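Undergrad: Attaching a single structure in structure tokens format; questions to follow.
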Amino acid sequence: MEKENQMPGMTLEVVARACEGTYVGTDADRTRIITGVVRDNRDVEEGNLFVAIEGERVDGHRFVGDAFARGACAALVQKEPQEKEQPYILVNSTTEAMKKLAAWYRRSLDIRVVGITGSVGKTSTKEMIASVLAQKYSVLKTDGNYNNEIGLPLTIFRIRGEHQVAVLEMGISDFGEMHRLSEMAHPDICVITNIGLCHLENLGTREGILNAKTECFEHMAENGTVILNGDDDMLCTKKEVNGKPVLYYGIDHEAKLSSEGRSMAAKSVYATDIVNLGFEGMELSVHTPAGVFDALIPIPGEHNVYNALAATAVGLELGLSLGEIRQGIASVKTIAGRTNVLDINGMKVIDDCYNANPVSMKASLEVLSHAKGRSIAVLGDMGELGEDERKLHREVGVRAGQLGISTVFAAGTLAEEYVK
């Protein structure tokens with residue numbers, strides 16, 4: 001009898017074939033079904049496949065023995081292990097093999113996948129979409145920062161038979177990465193939050209960022225749906241993808257003008273009557289093709305309006321009622337490092353320290369500006385901004401002044417531009 005946590009159909013023989021590796025072991029072990037895939041030997045549970053990754057500082061092959069001692073049923077390796085009495089699969093590259101295995105496993109599953117990318121707001125949008133979809137479906141979502149070429153396959157390997165929808169975050173810093181991520185995720189729905197000023201060192205310009213992000217369209221499911229922020233001057237130029245119209249969301253019904261001044265398609269989901277409640281969240285009316293409803297977003301920040309609209313568009317696409325969508329928006333929670341408001345010794349501390357770029361930094365300052373009494377911004381350097389990095393830091397400092405922030409603590413070399 002199969003264990004409930006086993007990965008359906010993933011025998012060691014199938015794993016070897018999917019990642020184009022050579023199985024070494026007994027015939028009896030060929031038909032063993034793995035219970036999961038891990039890259040850290042400390043995370044091994046009974047029946048897991050341990051992936052030995054050779055990193056810059058640590059070589060996972062050193063821990064194959066410990067992984068077996070903890071209950072691993074096999075190891076995926078790129079050099080022969082000392083523990084030859086245990087089954088293993090030998091490949092040229094374990095990182096590439098893991099990606100091939102993730103792509104194979106995802107396509108073997110009867111599940112809808114929502115892929116989320118963008119320069120800013122991927123994680124908070126992912127949380128909002130997952131909260132909405134959880135009102136109707138069993139949902140698996142990306143945990144933490146498991147959104148890159150190592151993290152995404154590990155997230156896909158967590159999908160089990162009971163899951164009906166997976167909400168997968170996809171983060172990149174260079175060309176080609178999104179191509180490889182979407183090949184694994186094979187999304188039914190692609191959501192892009194915006195085209196901002198992240199990773200300019202590698203991507204060069206916003207046009208480069210747009211091209212890199214939209215690589216996700218290359219591996220969408222047939223008849224997949226694209227949902228874009230219609231208020232983004234770059235995204236609103238994408239009227240259709242693979243012959244199918246794009247669905248736009250945004251604030252107010254009027255179509256956004258593109259950066260070239262062309263009027264673009266109107267939004268199918270949009271917000272009006274927005275009320276900022278400060279640290280208590282946002283109120284708004286949400287307009288959809290299925291009707292209008294009032295919503296309460298229980299977390300602060302005007303940027304969460306866009307997250308709620310994206311989640312509404314996804315929810316409608318997957319058959320949720322307006323009542324279910326409304327409840328999902330009202331149920332969303334913050335996570336550590338993302339506009340997480342903490343009450344500590346009579347002070348409110350906004351934990352927004354996961355990552356930073358000019359757009360997210362200004363959004364954080366906007367939230368802080370609603371504080372009662374003294375407001376303190378603790379700002380560090382923003383990385384990977386290219387040749388305009390000093391100018392972009394200075395603009396954040398200007399915004400802090402415009403918002404009336406009482407005190408700024410600036411830490412770092414580039415952070416001196418905030419002060420200027």
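The values are calculated or read from the model by the stated rules, or taken from the named source; none is laboratory data. Because the structure is a prediction, the values reported are computed rather than measured. For neighbour counting, all protein chains shown are included, and Cβ atoms are generated from backbone atoms with ideal geometry for every residue, glycine included. To get the accessible areas, we keep the full protein, side chains included, count just its heavy atoms, and leave off ligands, DNA and RNA. Shrake-Rupley method; radii C 1.70, N 1.55, O 1.52, S 1.80 Å.
Undergrad: At a Förster radius of 22 Å, what calculated FRET efficiency corresponds to the Cβ-Cβ distance of residue 223 and residue 96, to the nearest 0.05? Can you show the working numbers first?
TA: Values: r = 29 Å, r/R0 = 1.34.
About 0.15, to the nearest 0.05.
Undergrad: Build a GNM of the chain with springs between Cα atoms under 10 Å: which of 374, 180, 30 gets the top mean-square fluctuation?
TA: 374
Undergrad: Sum -39500 (n - 2.57) across every DSSP H segment of at least 4 residues in the chain, then divide by the residue count to get the 222 nm mean residue ellipticity, nearest 500. Show your work: numbers first, answer last.
TA: Values: 14 runs with 124 residues, N = 420.
Helices in the chain give a 222 nm mean residue ellipticity of -8500 deg cm²/dmol.
Undergrad: Report, in whole Å, the centroid distance computed from the Cα atoms of the range 287-324 and the range 113-165.
TA: If we compute the Cα centre of each part, the gap is 18 Å.
Undergrad: Cβ neighbours within 10 Å, averaged per peptide: list 344-350, 321-327 in order, most packed at the top.
TA: Values: 344-350: 11.3, 321-327: 17.7.
The most tightly packed comes first, giving 321-327, 344-350.
Undergrad: Given an 8 Å cut-off on Cα distances and at least 6 residues of separation, report the relative contact order of the range 55-191 as a percent.
TA: Numbers: 193 pairs, mean separation 37.0, N = 137.
Averaging sequence separation for qualifying contacts and normalising by length gives 27 percent for the range 55-191.
Undergrad: Oh, and also: How many percent of DSSP beta bridges within the chain run antiparallel, rounded to 5?
TA: Values: 26 of 62 bridges.
Just about 40 percent of them are antiparallel.
Undergrad: Moving on. For the chain, what does the alpha-carbon gyration tensor say about shape, rounded, prolate or oblate, given a ≥ b ≥ c as the root eigenvalues, a/c under 1.5 as rounded, and a/b over b/c as prolate?
TA: prolate
Undergrad: Could I ask something else about it? Under 10 Å, Cα contacts only: if you run a Gaussian network model on the chain, which one of 36, 404, 281 comes out with the highest mean-square fluctuation?
TA: 404
Undergrad: For the range 338-420, calculate the relative contact order in percent as a whole number, restricting contacts to Cα pairs under 8 Å that are 6 or more residues apart.
TA: Numbers: 106 pairs, mean separation 23.9, N = 83.
Rounded, it is 29 percent for the range 338-420.
Undergrad: Using only the Cα atoms of the range 91-163, build the gyration tensor, take square roots of its eigenvalues as a ≥ b ≥ c, and label the shape rounded, prolate or oblate: rounded if a/c is under 1.5, else prolate if a/b is larger than b/c, else oblate. Intermediate results must be reported in sequence, preceding the final value.
TA: Working: a/c = 2.71, a/b = 1.38, b/c = 1.96.
Oblate shape, in that a/c is at least 1.5 and b/c is the bigger or equal ratio.
Undergrad: By the scheme Lys and Arg +1, Asp and Glu -1, what is the net charge of all other residues having a beta-carbon under 15 Å from that of residue 221? Mind dumping the intermediate values first?
TA: Numbers: positive: 106, 107, 112, 244; negative: 110, 183, 188, 218, 222, 317.
Here the count lands on -2.
Undergrad: Springs between alpha-carbon atoms under 10 Å, Gaussian network over the chain: tell me which of 45, 387, 177 tops the mean-square fluctuations.
TA: 387
Undergrad: Identify all lysines with a Cα-Cα distance to residue 391 below 20 Å; exclude those on the same chain that are fewer than 8 residues away in sequence.
TA: Within the straight-line cut-off, residue 391 pairs with 362, 420.
Undergrad: Pull out a ≥ b ≥ c, the square roots of the eigenvalues of the alpha-carbon gyration tensor of the range 260-346, then state rounded if a/c is under 1.5, prolate if not and a/b is larger than b/c, and oblate in the remaining case.
TA: Numbers: a/c = 2.14, a/b = 1.57, b/c = 1.37.
It comes out prolate by the Cα gyration axes.
Undergrad: Next question. Taking the highest mean first, how do the peptides 405-412, 328-335 order by number of other beta carbon atoms within 10 angstrom per residue? Walk me through the intermediate numbers first.
TA: Values: 405-412: 14.5, 328-335: 18.2.
Averaged packing, sorted descending, gives the order 328-335, 405-412.
Undergrad: Roughly how many percent of the accessible protein surface of the range 1-72 is carbon and sulfur, given a 1.4 Å probe and a whole-percent answer?
TA: Details: 1760 of 4120 Å².
Reported share for carbon and sulfur atoms: 43 percent.
Undergrad: In addition: Using modelled backbone amide H atoms (1.01 Å from N, in-plane), which distant-in-sequence or interchain residues come within less than 5 Å of residue 74's amide H?
TA: Close amide H contacts, sequence-distant or interchain: 50.
Undergrad: Over the range 1-97, what is the relative contact order in percent, taking alpha-carbon pairs closer than 8 angstrom and at least six residues apart? Write out the running numbers ahead of the final one.
TA: Numbers: 189 pairs, mean separation 25.8, N = 97.
Normalised by residue count, the contact order of the range 1-97 is 27 percent.
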